[in-house]
Amino acid sequence: MSRLSWQAAAPWVLPSATLAVLLALWQSAASAGMLPATVPAPTAIAVELVTNRAIYWYHLVPTALTAISGYLLAIGIALAAALTVHHVRSLELAVLSLGSCIDSIPIIALAPVLTIWMGVALPTRITLAMIICLFPLLATALRGLHAPSDAARALFRVLAASSWQQFRKLTFPAALPYFFHGLKIAAPLAVLGTLVGEWTGAEQGLGVLMTGAMLNLEILQLWGSVCVTCALASLLYGVVALIEYFALRGRPAGEAE
Amino acid sequence: MTAAVQAGHPPPSASRLVLSAPLRLLLRRTGGLALVLALALALLQAAITLFAIPPYLMPGPAAILAALADNAGSIAHGTCFTILCTLAGLAVSSVISLAGAALFVALAPVRQAFMPLLLVLRTVPLIAVAPLLIELLGRGAGNSIAIVAFLTFFQIMLAVEKGLRAPTTSRLELMLVCGAGFWQTLWLLRLPSALPFLFTGLRIAASSAILCAMFAEFLSGAPGLGEQIIDAFSTQDFARMWALVIVGTSVSYLFLTATMVIEKITAREDG
């Protein structure tokens, strides 16, 4: 019994222990003065995060809201486009080519362009977050909609299912794992898009805090803002993964990869 | 007369038109890019004449192409810088990934300890860490290479690790029966089977790799495409900025296409 529980716990224990050991090594190297001035001790970063939590919270809220708005907008547009292309197959190559080209525009080039058109404002940053999410979502959604086999489609046709029935009972459930795959790819990207928008110009946000700290050589604040940003991205990913877990419960694992 | 057809050979007229799959992919993607660019420029010209858009909002195709010609030298230089940094970064990243993945295969506990951490780190948008890396690594070409290497490492590492573990049990047992040691198995069986996976990893990392290089330049001021875009933006030289945007987009699209073609070639040789 105890052996069984050890085996169940091993995938968690070993990486956590590794992480703890790495952090301890880092801490001792820092307190021994072996690290350059740009690498503070982990405890110093933790203390910084706790003492200045008001600052981090102040900058976290707009970044999170912008990223989530862009993300939701991208989901809406990608699903609408995917459904349209799914019904009008002749559009597929055009939409995918266009999407692939738009996806190739370096976001670093897009940020100044959008700033010229839309100004240093919230819509600019939401648009950036939306555009960076769009293609992964569209590509995975399309693959999902194409997922049902020809045999399954033929069966639905033979059984005289309406197209709505076919969508609800066959296409949508089959596409769901692919949707979630795309949603998981896109969630951290939304944070990245927002961050780039804030780097190009904003008054408030984690990107502003980060570049400000970089230019003023405020090492602790730089590490702190990077930690908060990574935590935000991982949190979004985690939420989507959790929703996926509940939505796809009871299905055989590894359907979409 | 119909002997060749009956024997299952395609008629000669059809075989003349058959291109290999990688070449078709290359032609299709380059053609798509040219088409989209041409369409975009044509639409732009139409919009400018229709709505009388002032040049400070959006310069016309003629102005953009003129800026491209005027700055051809510096743009070509910046493009080469960015591409070379990206390639060097990807090479460093591949070598470290192969070494790390081999270590994972050799020592299972190491794999168990580090693999979950790698999987978690992969979900973080690592470009967000770039300001920190610039503080750590300084500015310049070495820094760009290091950032590209660091940011693409996780994708490539995971792909290579999967590749090294791809050989089936029966193949591994055959190596064992033939008396092959760990290194021989690695060299003769695991590495060849990992190569297609490496190229898949490179393909996944490719588009973000160019982006990473541009980010590094944007933040550090190293003389590449990313830095030039920001420079043109801040000096309000919008025609040059658009020329750079077009070049940057094409470069990143073609870079991705190149890795897709290589991936297809290696996958075909494998199968």
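What number of residues in segment B:124-154 are β-branched (Val, Ile, Thr) and touching a Ser or Thr at 6+ places or on another chain (Cβ under 7 Å)?
4
Filter segment A:75-90 down to the residues that are within 22 Å of A:Lys184 (Cβ to Cβ) and open to solvent by 50 Å² or more (accessible area, probe 1.4 Å) and list them by number.
Of everything in segment A:75-90, those that are within 22 Å of A:Lys184 (Cβ to Cβ) and open to solvent by 50 Å² or more (accessible area, probe 1.4 Å) turn out to be A:Ile77, A:Leu79, A:Ala80, A:Leu83.
Among the helices (runs of 4 or more DSSP H) confined wholly to segment B:1-113, which include 2 or more residues that are under 28 Å from B:Pro196 (Cβ atoms) and modelled with pLDDT under 90?
Qualifying helices (runs of 4 or more DSSP H): B:21-51, B:72-106.
Restricting to segment B:210-244, count the residues that are open to solvent by less than 10 Å² (accessible area, probe 1.4 Å) and within 9 Å of chain A (Cβ to nearest Cβ).
Selection size over segment B:210-244: 10.
Yes or no, residue by residue, for (1) open to solvent by 70 Å² or more (accessible area, probe 1.4 Å); (2) among the β-branched types (Val, Ile, Thr):
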site: A:Tyr58; (1), (2): yes, no
site: A:Val61; (1), (2): no, yes
site: A:Thr66; (1), (2): no, yes
site: A:Gly70; (1), (2): no, no
site: A:Leu73; (1), (2): yes, no
site: A:Glu92; (1), (2): no, no
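When you scan segment A:209-230, do you find a residue that is within 23 Å of A:Ala121 (Cβ to Cβ) and over 22 Å from the mean Cα position of the chain (by Cα), even just one?
Checking segment A:209-230: at least one residue is within 23 Å of A:Ala121 (Cβ to Cβ) and over 22 Å from the mean Cα position of the chain (by Cα).
Only one of these conditions is not met by A:Pro36: (1) in a helix (DSSP H, G or I); (2) closer than 22 Å to B:Ala128 by Cβ; (3) open to solvent by 40 Å² or more (accessible area, probe 1.4 Å); (4) not polar (S, T, N, Q). Which number is it?
Among (1) in a helix (DSSP H, G or I); (2) closer than 22 Å to B:Ala128 by Cβ; (3) open to solvent by 40 Å² or more (accessible area, probe 1.4 Å); (4) not polar (S, T, N, Q), A:Pro36 violates only (1).
Say we look at segment B:115-128 and pick out the residues that are buried (at least 22 other Cβ atoms within 10 Å of the Cβ) and not in a loop (DSSP other than H, G, I, E, B); which of these is farthest from the other protein chains (Cβ to nearest Cβ)?
B:Leu126
How about segment A:161-257: which helices (runs of 4 or more DSSP H) wholly inside it have at least 3 residues that are facing chain B (nearest Cβ under 9 Å)?
On the way: elements: A:163-166, A:172-200, A:206-215, A:219-247.
Once the helices (runs of 4 or more DSSP H) in segment A:161-257 are filtered for at least 3 residues that are facing chain B (nearest Cβ under 9 Å), what remains is A:172-200, A:206-215, A:219-247.
Going through B:Leu90, B:Leu25 one at a time, which residue ends up being touching a Ser or Thr at 6+ places or on another chain (Cβ under 7 Å) and touching a residue at least 60 places away in the same chain (Cβ under 8 Å)?
After applying the criteria, what remains is B:Leu90.
The values are calculated or read from the model by the stated rules, or taken from the named source; none is laboratory data. Since the structure is predicted, the reported quantities are computational estimates derived from the model, not experimental observations. For neighbour counting, all protein chains shown are included, and Cβ atoms are generated from backbone atoms with ideal geometry for every residue, glycine included. In case anyone asks, the SASA skips ligands and DNA or RNA and just uses the protein heavy atoms, side chains included. Shrake-Rupley method; radii C 1.70, N 1.55, O 1.52, S 1.80 Å.
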